[in-house]
Ligand SMILES: Cc1cc2nc3c(=O)[nH]c(=O)nc-3n(C[C@H](O)[C@H](O)[C@H](O)COP(=O)(O)OP(=O)(O)OC[C@H]3O[C@@H](n4cnc5c(N)ncnc54)[C@H](O)[C@@H]3O)c2cc1C
């Protein structure tokens, strides 16, 4: 594998980094303090600057006004954007919209594309994805209770969801519901586009996370569907393909998340090193003179480098062999990178002392808001189980071969 970044990609990364340093990071504190809702004039102005600079939607196909980057290229951009919690919003590649753009592009009908994909990709509307239910284990999503029963040309949806990120202010939700209860487990559900102003769609509340309910993009809603009626034409793909489409969305989504987390690691690492080099703990000594802090710096550097190379390797394999060819790598990075991020952010907080837990730096935001990384898109334990099962399977076959 060639680890050199092609010249054109390197030049783009430099432009993105400069924009994040000079325009995004100076605006982040005020935006985060208010909770990013998506309609702030400051955010809108930054997005216009990104559009004018030709950097809008790094992962969005060109025909939809984006840059059409490969997964690997977008991963590298994502790392730069991840250095600020608002980086992805400014460049139009924030979750969950990015995933919805991807599945609408792949599976949407011409009418669905015109109504939802085009304005979503342009950043004119927002969206959310409603799969997890409070009464059922999200780790085993085949256990869904939400149903969509056909009635003439409509689906009538009943159910209860939560942690529907960014639902507050979204124009539509992509809802996972059981449409075919008699089918085999993985063919029972479909994904259906439900405009949030449909009668029977109730956003009950934004669920407080670490003490903050948030708003807009930075919130996670509890939602109820009370006989919520939408046309059957709102379904994505064939009936029963919900889990298949969800799987397609998760592969690239995990690369995006992991590279964003590497960006967070890099920002926390820079802050930790700067603080260690400048904080005096005695007249002639800084924190950086202490061996334990030196160890944190060296260990963090090694862990971030390892994590980054693992993600690039997974992205490289997906670009060449598809998601199925990189299933193991994707599970490995999902738990490994999330763990490295939490460890690095925690060390950076510790080096900053009381300042680290205050909201005067971005570290406490990362600490509180990124803890979910070890839970969403497959909890650590589930990914470890998946990887271990596949490895053990190979050894079981090898052992059988030897016995024979
Ligand atoms: C910040 C955040 C944003 C989210 N955004 C969305 C969203 O936009 N849309 C959406 O639909 N959902 C979203 N979710 C929900 C997320 O997908 C679920 O939380 C996740 O799938 C886990 O499901 P659960 O919370 O029901 O935990 P459970 O399934 O109840 O699992 C609880 C814990 O049990 C352990 N566990 C589970 N299975 C196993 C196993 N097989 N072996 C060993 N241990 C196991 C794990 O430690 C896990 O954390 C979000 C969650 C968070 C935290």
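Taken together, the values in this text are just the output of simple stated rules run on the coordinates, not laboratory data. It should be emphasised that the depicted structure is a prediction, and the values quoted were computed from it without experimental measurement. Here Cβ is always computed from backbone atoms with ideal geometry, including for glycine, and neighbour counts include all displayed protein chains.
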- request: Can you tell me the FRET efficiency between residue 354 and residue 213 if r is taken as the Cβ-Cβ distance and R0 is 22 Å, rounded to the nearest 0.05?
  value: 0.30
Length released on extending from residue 233 to residue 154, taking residue separation times 0.36 nm less the Cα-Cα span: 27.6 nm
Tensor-based shape of segment 125-191 (alpha-carbon gyration tensor, a/c under 1.5 rounded, otherwise prolate or oblate): oblate
- request: Take every Cα pair under 8 Å in the chain that's 6+ residues apart, average their separations, divide by the length, and report that relative contact order as a whole percent.
  value: 14
Pairwise label distance in nanometres, residue 106 with residue 17, each label 7 Å out on the Cα-Cβ vector: 3.2
Kirkwood Rh, angstrom, segment 244-403 [1 / mean 1/r, Cα pairs]: 17.3
query: If you count the DSSP beta bridges with both ends in segment 127-238, what percent of them are antiparallel, to the nearest 5?
result: 85
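Rounded, prolate or oblate, given the Cα gyration tensor of segment 287-363, with a/c below 1.5 counting as rounded?
Prolate, because a/c is 1.5 or more and a/b exceeds b/c.
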field: Inter-label distance, nm, simple model (7 Å from Cα along the C-beta direction), residue 224/residue 391
entry: 4.6
message: Tell me the angle of helix 242-278 to the major Cα principal axis of the chain, expressed in degrees between 0 and 90 and rounded to the nearest ten.
response: 20
- line: Compactness check, the chain: C-alpha Rg relative to the 2.2 N^0.38 Å globular estimate gives 1.02
query: Which log10 I(q)/I(0) values, to two decimals, does segment 1-83 give at q = 0.20, 0.25, 0.27 Å⁻¹ under the Debye formula with one point per Cα?
result: -0.99, -1.34, -1.43
task: Report the calculated FRET efficiency for residue 7 and residue 180 (r = Cβ-Cβ distance, R0 = 60 Å), to the nearest 0.05.
output: 0.75
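Contact order normalised by length for segment 244-403, with contacts defined as Cα pairs under 8 Å and 6 or more residues apart; what percent is it?
Averaging sequence separation for qualifying contacts and normalising by length gives 26 percent for segment 244-403.
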query: Does a label point 7 Å from the Cα of residue 274, set along Cα-to-beta-carbon, have any residues of segment 2-37 with amide nitrogen under 17 Å, and which are they?
result: 17-30
task: Give the angle, between 0 and 90 degrees and rounded to the nearest 10, that separates the Cα long axis of helix 25-34 from the longest principal axis of the Cα atoms of the chain.
output: 60
field: q = 0.26, 0.27 Å⁻¹, segment 184-234: log10 I(q)/I(0) [Debye, one scatterer per Cα]
entry: -0.98, -1.01
statement: Log entry: pair-distance distribution for segment 142-268, C-alpha pairs binned every 10 Å from zero, whole % per bin is 13, 36, 34, 14, 3, 0
task: Return 62, 374, 347 ranked ascending by Cβ neighbour count within 10 Å, so the fewest neighbours appear first.
output: 62, 374, 347
